[in-house]
Amino acid sequence: MTTLKPARTITQSLAAWSTDVVATDLPADLRHATEQRLLNVIGVALAASARPQGQVAAEAALAIGAPGPCHILGRPDGTLATSAAFANGSMASALAFDDSQTETLIHCTCTTAATALALAEWHGIAGPEVLLAIALGNEVICRIGAVAPGQFHRSGFHPTGIVGAFGAAFVAGKLLGLDAAGLVNAAGIVGTLASGSNECWRDGSWAQIVDPGWASQAGITAAVLAAKGFSGPAAVLEGSFGLFPSHVQDRDYKLNYARAAASLGEVWESRNIAIKPYPTGHVSIPFVDCALELHAKGARAERIRRITCHTAQWITPVVCEPAAEKKRPSTDWHCRVSLPFTVAETLFFGRLEASAYSAENRANPSLLALAQKVDYVIDPDAPRDERYKGWIEVELEDGTRLESIHFHGRDGHMSDDQLMVKLRSCLRGTAAEGKAEALHSSVWALAQGSEVAAIFAAAAGS
């Protein structure tokens, strides 16, 4: 494995920058993006609060924890910071509806926001520092992920949980006022707590949903340990037994360690975090756009003979195979990593919203029959970077052929109006239904110095 290592360790470079950066250093566009990402995470977490997996995560967090000053979104119960962070991070991940950095496919704000909200409640931290910490944590995640984009996934690891834990440690450390040495220790400690496996992509079980929650809990734990004097290895990322040597299994892959710290504060890799417009994996999003266009052109389940998705080779093991399982997914999480079922449900209903992949939909014989008609072929010209291509051809029973091609990637940002439409959809059937404007106002007030109490009040329906 060829490497290019900097003069000082990655965590030392990130820590030196993190301790110096202040709220006024955050570019205006990135502050606004951070506000959007936080509001989005709150909305998708609340949507999950009405689903079994979100409810279980919250109830487990309360059972493990104890009464405390922090809150789980949508619930009045006070609990410990680690328990609240675990539940909120897990709920934000539960519908695959949050955001991710398009180059690395790492989900960022579900972890950093859960961490920051818990610390803010615990210590009464003002809004500008909360926004800065989330933005800083997102940047740390993107920087670490950029060393080896895609390599964690190829090795079966879930970088959202693994790399996200380092972002959480920096968020918590920043909000707890750790100096550079303390942040290095926190990162070193969290390296032994970080975890994440992609095996649940195979059977549709829920395990991966808790990765951001666990990362948030681990980050807080690591930062508190560091604040009390506990130590961690400075070379936790690039050392002989560090994250990259132990987790990147392609020994010929050239790890680009320089990307982790190059031009910090000048270049923001986190600008390429995109909020998801649909509750599915980012690689499937352009296919959803194609399916919506084809539905608008008249493609209806009863008229369709055959559906062909032209896919990049590298995504097929994740969202297309094993074909029999992907065409008849067993759980809603299984659906979210199934291109055939995602395309079929979008064509069937003409939408893919927070309510998608319900048990009723998974048992719908007409929808299942449509999913059986979805096949794929390899598109040799599909891009391999962070710009994902969707290409669907539909043959109707009368012989008519329809086609749609869409792209999705770093330019896939939402307007405020689009985000509010998504937020209202997420809040239907939750404790916060009808509170979209209140949540928006409470998040936007953070930059003016407000605290997070209003967010939790609106989320609980107050």
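No value in this document is a laboratory result; all are computed from the given coordinates. These figures come from a predicted structure and were not determined experimentally. No Cβ is skipped: glycine too gets one built from the backbone with ideal geometry, and neighbour counts run over all protein chains shown.
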Taking Cα atoms, the helix 211-227 axis meets the longest principal axis of the chain at an angle in degrees (rounded to 10) of 10 degrees
Computed curve, region 282-408, Cα-only Debye sum without solvent term, log₁₀ I(q)/I(0) at 0.10, 0.13, 0.14, 0.23 Å⁻¹, is -0.26, -0.44, -0.52, -1.47
Taking the chain and counting helices only, DSSP H stretches of n ≥ 4 at -39,500 (n - 2.57) each over all residues, the nearest-500 ellipticity at 222 nm comes to -14500 deg cm²/dmol
Rounded to one decimal in nm, the spacing of the 7 Å Cα→Cβ label points at SER240 and ALA369 is 6.4 nm
Nearest 10, in degrees from 0 to 90: the angle of helix 416-427 to the longest Cα principal axis of the chain is 80 degrees
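Give the total of Lys-Lys pairs in the chain with Cα-Cα distances below 17 Å; include a pair only if its members are 8 or more places apart or on different chains. Mind showing how you got there, number by number?
On the way: LYS5/LYS254; LYS174/LYS228; LYS276/LYS389; LYS276/LYS422; LYS326/LYS373; LYS327/LYS373; LYS422/LYS435.
Eligible lysine pairs with Cα atoms under 17 Å apart amount to 7.
If r is the Cβ-Cβ distance from ARG8 to ILE378 and R0 is 30 Å, what FRET efficiency results, to the nearest 0.05? Please list the in-between numbers first.
Working: r = 43 Å, r/R0 = 1.45.
Plugging the Cβ-Cβ distance into 1/(1 + (r/R0)^6) gives 0.10.
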Quick calc: nm separation of the 7 Å Cα→Cβ label points for VAL421 and TRP206 -> 3.1 nm
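Considering every Cα-Cα pair within the chain, what fraction, in whole percent, is farther apart than 38 Å? Intermediate values should be presented prior to the final figure.
Details: 21571 of 106491 pairs.
Every Cα pair in the chain considered, those over 38 Å come to 20 percent.
Report relative contact order for the chain in percent, whole number only (criteria: Cα-Cα under 8 Å, sequence separation at least 6).
Numbers: 999 pairs, mean separation 94.6, N = 462.
20 percent.
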With R₀ set to 30 angstrom, the calculated FRET efficiency between the beta-carbons of ALA324 and ARG251, to the nearest 0.05, is 0.35
Each label sits 7 Å from Cα toward the beta-carbon; between ALA60 and VAL22 the label points are separated, in nm, by 4.2 nm
Longest principal axis of the chain (C-alpha) makes with the long axis of helix 52-64 (C-alpha) an angle, in degrees to the nearest 10, of 20 degrees
